[in-house]
Amino acid sequence: MKKSRFFLCAVGLISLCVALFHACDLGGGGVLGTLYMSDTYNGRVYTYDPNTQTSSTTPLLTTGEGAGDHIYFFNGICYIAVGNNYSNTPGVYAFDPEAVVPVAESIGTSISAQFIMFYNDTKAYVTEADYGASTGVYWFDPSDPDAGLSGPIDSGKINIGEGMYLQDIVASNNKIYVADNGNGRVLVIDPATDTLLKTISTSTGGTTGLLLARGESGEPFVYVANNGGYDSSWNPLPGSIDRIDTRDDTLLQVVPGLSAGHLAYHAQSRKMFAIGYANTYVFSTAGSPPFAVSEVKTRTGASFGGSDILVNDFLLYIASHDFLTRVSTLYVFDTATSSEADHSPLTVGVSGEDGITGLAVR
């Protein structure tokens, strides 16, 4: 199989090792990974160093395309899912973070890319959704991204269906799980044949985020974040968090009555964190559901929500931005105590221009 230009570029570069460790005010040990942050308005990518507690003031690079909401690393390459905003070229973009001057390039067909899931070294799936509708699930070969995107999966195998709006995608127990925000359900796909096995109705609407987490006895669970959606008058409805046991695909509501869009899990403490538009929550997955939930607030006692959430080592990161002012904020919390770091929150990106919506650690 031919090598991609992204990988050929990486071969000629020597990675630099960080020799000095700057202690974080939250404690812990070792050098922590760099956080990468994607901007939805201009396609810029910024970094945050948790060891020095500083963020870059200039972008590492830009895709030149707005609506880049989710960012990922796989086998040393960074990928960004770029959706449609009527004035850009959407799709999946990739760049080599080790390049002297990183350059993001589209890897193929222009689609309104939402979320990416890397199933193995030769297959990654991409969900597509474009202003109220989806054309389906696409895929590409991460070992050869120059080959571009394929798909969507044959609509004869996965009926697109009226109102389907695909969001997050994960894999568990040799199955693919896809959130369908438009219909309040999760699609279950067989990756061997790319055929639809079943659909699972969620307990409330607005199905958006999916996350893998093992149960106390090693059960393979997929947690589902439902923001609730809206009624016919555009009033927000209560959401929930569900849990799918991927051994038999049974669904159980584990947290009722909250709006959740994205989830993050700290395996050591068995804590699940959830963000909505205006609130952040934490609960323990130990014991039997329904789980008791606490709201995570800032040091000053204020409620806050966000656009993306990520746990890395003992740190919890939450990205948020104001749509009107275009001021982006990065919150940093201790996963053990759910307490905010002394140096948090940080203003990231260019105020008045950027909107940080995606987080990934390298």
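Bear in mind that the values in this text are calculations on the coordinates, not laboratory data. What you see is a predicted model; the values in this text were computed from it and never measured. We place every Cβ from the backbone using ideal geometry, glycine too, and count neighbours over all the protein chains shown.
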Next item on the list: Please give the FRET efficiency for Leu237 paired with Phe323, using the beta carbon to beta carbon distance and R0 = 22 Å, rounded to the nearest 0.05.
Entry: 0.55
Next item on the list: Return the label of the correct value of mean projected area of the Cα convex hull in nm², as calculated from the structure shown, out of [x] 19.9; [y] 31.1; [z] 18.1.
Entry: [z]
Notebook entry, point to check: By count of other Cβ within 10 Å, fewest leading, how are Val224, Val101, Val170 ordered?
Noted result: Val101, Val170, Val224
Checklist line | Rounded to whole Hz, the Karplus (6.51, -1.76, 1.60) HN-Hα couplings of the range 304-316, x for glycine and proline | finding: 7, x, x, 9, 7, 9, 8, 10, 9, 6, 9, 10, 10
Checklist line | Per residue, the convex hull volume that the Cα atoms of the range 237-278 enclose (Å³) | finding: 87
Notebook entry, point to check: Full extension from Asp245 to Thr58: what is 0.36 nm times the residue separation minus their Cα-Cα distance, to one decimal in nm?
Noted result: 63.0 nm
Next item on the list: May I ask which residue of Gly83, Asn120, Tyr72 lies farthest towards the positive end of the charge dipole of the range 47-128, with charges of +1 (Lys, Arg) and -1 (Asp, Glu) on Cβ and the Cα centre as origin?
Entry: Gly83
Check: Total Lys pairs in the chain closer than 22 Å by alpha-carbon, pairs eight or more apart in sequence or interchain only?
Finding: 9
Check: In what order do Phe118, Phe323, Phe333 fall by count of nearby beta-carbon atoms within 10 Å, going from fewest to most?
Finding: Phe323, Phe118, Phe333
Next item on the list: Can you figure out the FRET efficiency of Ala192 with Phe73, using R₀ = 30 Å and their beta-carbon distance, to the nearest 0.05?
Entry: 0.70
Checklist line | Residues of the range 186-200 with amide N under 11 Å of the 7 Å Cα→Cβ point at Asn174 | finding: 191-192
Next item on the list: Among Asp130, Asp322, Asp39, rank each residue by its count of other Cβ atoms within 10 Å, from fewest to most, as a rough exposure measure.
Entry: Asp322, Asp130, Asp39
